[in-house]
Structure formats: structure tokens, C-alpha cells
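J.: Below is one structure. I have some questions about it.
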Amino acid sequence: MTEENPSARCADAVRAALSDIHQARADLTEAHRLAEKYDLGEESSIESAMRALESASRDLEGPVQRYSYSGGGSCFPAFARVATPTGPRPITYLRVGDLVLSCGSSATNPVPTRVPATHAHSPHRVLRIDFTDGTSLCATPNRRVRAQRGWVRVDRLRVGDACARPMAEAAGRVLRVAPDGVAPVYSLYTAYTHAYIVDGILVHDFSRIPTLRTLWHRLAQYRRRECQKAHAHTWTTSECIASGSSS
């Protein structure tokens with residue numbers, strides 16, 4: 001009996017380990033938030049565990065690149081935090097039907113919006129955007145963020161670019177964009193505006209022709225609503241006819 005390809009088995013094992021590591025990072029991020037909120041005194045131990053996980057993730061970058069993982073679209077690692085009406089939540093915690101805060105290209109007045117779809121992808125190369133105020137955002141290179149130049153891919157951001165922060169008074173000024181390893185990545189869609197807030201920055205659902213695709217989806221949603229209205233009107237009229245016939 002021929003043994004299964006050992007390289008493929010090793011690749012699968014590394015993929016599973018990375019998924020576990022990044023899910024653990026998301027869980028620890030949430031634990032750290034709760035520890036701070038309720039003054040539990042566990043912040044230092046949680047931070048130590050997070051650093052150990054980050055080190056383990058970096059150690060696996062070599063095997064990941066050797067096995068040439070492809071994956072994902074425009075996405076975020078598990079520890080990315082999405083703005084919701086009840087506060088930031090790790091992207092892996094969100095499910096279809098949950099509410100997130102969304103707004104259009106003006107990046108003003110975020111409103112609660114339902115999530116119609118979520119996606120999980122295989123490990124993908126991630127870039128880290130560091131801002132001048134010490135905050136950061138990690139995403140795949142083709143993810144688009146709202147900048148003063150429009151919807152700009154992460155790998156095309158320039159030092160000094162101002163990225164929209166709908167929940168803050170000032171935009172995020174890009175200090176640097178650098179590789180941040182390889183990780184399983186996740187994404188979600190939002191209704192109507194197709195934009196939501198990750199780690200304070202306004203991002204778009206779509207990596208290609210975002211404005212056109214947003215308009216297309218809005219048109220499709222409008223047509224569905226009109227069809228539903230027409231169907232409801234026809235049904236109501238039929239009921240009236242049936243009611244009149246029986247009287």
C-alpha cells in the first residue's frame with residue numbers, strides 16, 4: 001500500500017496548526033478586552049501568551065511559503081476586530097445575520113447593517129499597516145481601504161496616506177506598510193454600502209472595481225424589493241377577489 005504524500009500531509013498539518021494559532025489569538029484578544037473592562041488583573045499573562053503565539057506563527061512562515069499555499073480573497077486575519085453596535089468583535093466571531101457598523105464612501109455616520117455572508121479562507125500573505133498614532137491594521141495585499149485617494153489596495157498605500165476612520169476625529173496617517181507573515185484569513189459582506197470598519201479603518205467588501213460592484217448590488221437589491229412588493233400586491237389582490245367571491 002502506497003503511503004500518502006508526506007509533503008501534502010505536512011502541509012495539511014501546518015495549515016491546521018496555523019488555523020488553531022490564529023483562532024487562539026482571536027480568543028485571547030477577546031479575553032484581554034474582558035480583563036481590561038472588568039479589571040481582572042490578567043492582562044500581563046494574556047499578553048505573554050499572545051506574544052508566544054505570534055512567535056509560533058512566524059516560525060511556521062517558512063513551511064507555509066515552501067508549500068505555496070494559495071488562498072482567500074481580500075481578507076483579514078482572525079484577530080482583526082470589526083466595529084459592531086455593541087463594540088469591536090473579532091471577525092471570526094461574526095455570523096450571518098449579525099449587525100456591524102457600516103457607512104459609505106463619505107466615512108460618516110456609521111449605521112448598524114446586517115451581515116448576509118461570511119467567508120473563511122486558507123492561509124494567505126498578510127501586510128501590516130502601521131499608522132503614526134501607534135495603531136495598525138493587518139490585511140491581505142488586495143484589500144481596499146478608504147483613503148483620500150479613493151478605495152486603495154493595501155499594497156498600494158503610500159507613506160502619509162490618510163485612511164478614513166469613521167469612529168474617530170482624525171484620519172489614520174500611514175507610517176509604513178510591511179509584510180506580517182502568512183495566516184488563515186476571513187472576510188464578510190455587508191448589505192447596501194458594502195463597507196465596514198476593521199480596527200478603526202473603513203474597508204470595502206470588494207477588492208476589484210468596488211464602486212461599480214456596489215452600485216450593481218444596490219440595483220439588484222432594489223429589483224428584489226420591487227419584485228417582492230409586486231408579489232405582495234398580487235397576493236393581496238387575489239385574496240380580495242377570493243374573499244369577494246365567497247361572500
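J.: Test of the criteria: in the range 101-189, which trypsin sites (Lys or Arg not before Pro) are in a DSSP loop and have at most 12 other Cβ atoms within 10 angstrom of their Cβ?
T.: Taking the range 101-189 and a limit of 12 other Cβ atoms within 10 Å, the loop trypsin sites (Lys or Arg not before Pro) found are Arg149, Arg158.
J.: 7 Å from Cα along Cα→Cβ at both Ser105 and Glu47: what's the point-to-point distance in nm?
T.: For Ser105 paired with Glu47, the spin-label model returns 4.1 nm.
J.: Okay, which of the range 111-150 sit inside 11 Å, backbone N to the point 7 Å along the Cα-Cβ direction of Ala170?
T.: In the range 111-150, the label zone of Ala170 (backbone N under 11 Å from the point 7 Å along Cα→Cβ) covers 132-134.
No lab work stands behind these numbers, since they all come straight from the coordinates. Bear in mind the structure is a predicted one, so any value in this text is a computation, not a measurement. Here the Cβ is made from the backbone with ideal geometry for all residues, glycine too, and neighbour counts use every protein chain on show.
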